[in-house]
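Below is one structure, written out as structure tokens; comments come after it.
Just so it is clear, none of the values below were taken in a lab; they were calculated from the coordinates. Quick caveat: nothing in here was measured; it's all calculated off a predicted structure. As a convention, Cβ positions derive from the backbone with ideal geometry for all residues, glycine included, and neighbour counts pool all protein chains shown.
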Amino acid sequence: MRNGGRARLLLVILIVTSLFLITLDLRGVKVIDGFRQGTQTIMTPFQRAGNVVLTPVKNFFSDVTHLGRTRKQIEKLEAENANLKQKLINRKNADAQLKQLKNILDLAGSAGYKIVNSKVISHGSSQSFSQTLTIDSGSNAGITKNMTVLSQSGIAGVVKDVYPNSSLIQLATDPGFRIGARIAGTQQIGILSGRGTGSASLQLLDNSTTVKVGDVLLSRGSIANRPFVPGVPLGVVTSVDNSAGAVAQTAIIRYYTNFSALGVVAVVIGRSASDPGDSLVPVKPRVTPIPTVTIFVTPSPSPTK
Amino acid sequence: MYTRRFSIAVPIFLSMYVLQEAIISQFRLPGGGFSLLLIFALTWAVMSEPEVAAVIGFAAGFLMDLSQSAAGPFGQWTLIMLLAGYAISYIGYGDDNVHANAIGIVFFVVVANLLIEIAYVVTSALLGVSSGSFVQIVITLVGMSVWALLVSPIMLPVFTRLHATVFDSRSVI
């Protein structure tokens, strides 16, 4: 009986403590934020070490899952130079990140964004149904909360939390992610929402406007560029819902960014005074015409023997 | 006795947390992956008395709340894990078919893992935290259950040995 009473008392104390923590967090008490910040500060070196140690393992599994692509790449390298092949395989990860970085710099340079480049050191667990990643730059590099994060192709997410040497990024695929979007070429606006996958849903705000498959979406930008700077490529419309009863059109968008291959990202910490407008709309691949070979045959006057 | 248990259990819990955050989180596993800390805590909870299981759940939930990827308010995981730890132990404790049987433990862990994630989705909805589309949630729940089914039998010998190290009556000897 006594033991049962103690157990019940313990259970009640623990439940009350949990509810107390939830209440404190929902009321925005700083101590709770401090817990998470402190833990993340401690965890950052472990995550960096884990990233360094596990990169070859991840590359191996990536090679296995993308066997066809890797084989083609290896064949191409073999054809180019046998000596370079080994070096390229060893440095494949570094080269891929360099390529991403170059594209990011091109994108940021075109729009006049001031950026901080960062390496992805950890992907958040999906146990909480959120889609996040951690980068190796934080408040020491000038990053603050609610800054736009770019990939080589467009939007990657937004800075959710900042620690001295790392930052937590909410990916654009996160179900809680929302961004104001406009259709390139027109000024039609809508709200883009993450869906937990590589696609997003667009809800137009005006029922008199229309959207069609193939339309390109750009970010609208926020007041004082926080959290979003204008003109960032978001994605392309893949399907449109024209339900008769809907207040305004909705559409499914495929993001430009490949979220499963993010190695390097850039955080926009400032931008030029001018709006980039539609200048960052990705150029559609140009189809090279195949030359037609015409053969003229003149029949001989007498049949050959 | 409590000091000894506490001093051994705390580093074990912290090690599981670091393993989860620094190693397992590096892999973007299909179907949402798995939480080593969650499976570990549930395994220990099955094998412990209800009040001990509640404390185990509380500690694991607190660490899960500290995780950078926790989307809900601080304390949500703590509350869910505390109640889950107590419940799983209350149902299974004293029944040798459960806590002395590897299949029983794995079954309890996998089912509890699924129910906990469902509880998390429901409480998130109540607290206004978005968890994604219905299809995506179902895929993640199924994926996590499959991962739990794969991982828990592999890790079971390690977790039970650690449990025996902490909770065995070595102080009597």
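Mean partner shielding of peptide B:125-132, defined as the number of other chain Cβ atoms within 10 Å of each residue Cβ, is 5. Counted by neighbouring Cβ atoms within 10 Å, the residues A:Lys212, A:Lys119, A:Lys58 run from fewest to most as A:Lys212, A:Lys58, A:Lys119. Pairwise Cα distances in the range A:200-245 exceed 11 Å in 73 percent of cases. Looking at this model, which pairs from A:Lys72/A:Lys102; A:Lys119/A:Lys212; A:Lys72/A:Lys160; A:Lys58/A:Lys99; A:Lys99/A:Lys145; A:Lys58/A:Lys114 are more than 29 angstrom apart at the alpha-carbon? Flagged as over cut-off: A:Lys119/A:Lys212; A:Lys72/A:Lys160; A:Lys58/A:Lys114.
Straight Cα distances below 17 angstrom link A:Lys30 to the aspartates and glutamates A:Asp161, B:Asp65, with same-chain residues fewer than 8 positions distant left out.
For the pair A:Lys145 and A:Arg71, the difference between a 0.36 nm per residue extended length and the Cα-Cα distance amounts to 22.5 nm. With a 10 Å cut-off around each Cβ of B:111-124, the average count of Cβ atoms from other chains is 1.
Mean per-residue shielding of peptide A:162-169 is 1, counting Cβ atoms of other chains within 10 Å of each Cβ. Scaling the Cα radius of gyration of the range B:1-155 by the globular reference 2.2 N^0.38 Å produces a ratio of 1.00.
Counting Cα-Cα pairs of the range A:169-261 in 10 Å increments starting at 0 gives whole-percent bin shares of 18, 53, 26, 3. The amide H of A:Gln249, built 1.01 Å from its N in the peptide plane, has A:Leu204 as neighbours under 5 Å, considering only residues 5 or more places off or on other chains. Projection of the Cα convex hull of the range B:8-53, averaged over all directions and equal to a quarter of that hull's surface, yields 3.7 nm². Amide H to amide H, with H built 1.01 Å from N, A:Lys114 comes under 5 Å of A:Ile269, A:Gly270, A:Arg271, A:Ser272, counting only residues 5 or more places away or on other chains. Taking 0.36 nm per residue of separation and subtracting the Cα-Cα distance, full extension of the segment from A:Ala79 to A:Lys212 would add 43.6 nm. Rounded to the nearest whole Hz, the Karplus-based 3J(HN,Hα) values (6.51 cos²θ - 1.76 cosθ + 1.60, θ = phi - 60°) of the range A:236-242 follow the sequence 10, 6, 10, 7, 10, 9, 10, with x at glycine and proline. For the range A:148-294, the Cβ-based charge dipole about the Cα centre amounts to some 120 debye (Lys, Arg positive; Asp, Glu negative; other atoms uncharged).
May I ask you to list, by number, the DSSP H helices of chain B whose Cα span along the axis is at least 20 Å and whose average Kyte-Doolittle hydropathy reaches 0.0 or more? Helices meeting the criterion: B:2-18, B:50-66, B:76-92, B:102-127, B:134-167. With no solvent and one equal point scatterer placed on each C-alpha of the protein assembly as shown, evaluate the Debye formula and give log10 I(q)/I(0) for q = 0.12, 0.13 Å⁻¹, two decimals. Taking Cα atoms of the protein assembly as shown as identical point scatterers yields -1.11, -1.25. Each of the peptides A:100-107, A:50-57, A:132-139 was scored by the mean count of other Cβ atoms within 10 Å over its residues; in descending order, highest first, they stand as A:132-139, A:100-107, A:50-57.
In a simple Cβ point-charge model (Lys, Arg +1; Asp, Glu -1; nothing else charged), chain B has a dipole of about 300 debye relative to its Cα centre. With R₀ set to 25 Å, the beta-carbon distance separating A:Ala224 from A:Leu105 gives a calculated FRET efficiency near 0.55.
Cβ crowding within 10 Å, taken as a proxy for footprinting-reagent exposure, orders B:Ser133, A:Ser110 from fewest neighbours to most as A:Ser110, B:Ser133. Once label points are set 7 Å from the Cα along Cα→Cβ at both A:Ala261 and A:Ile290, what is their separation, rounded to one decimal in nm? According to this spin-label approximation, the distance is 2.6 nm. Ordering A:Thr210, B:Phe134, B:Val111 by the projection of their Cα atoms onto the charge dipole of the protein assembly as shown, which places +1 on the Cβ of Lys and Arg and -1 on the Cβ of Asp and Glu, puts A:Thr210 at the extreme positive end. The label-point distance for B:Ser7 and A:Val57, in a model that sets each label 7 Å from Cα toward Cβ, rounds to 3.2 nm.
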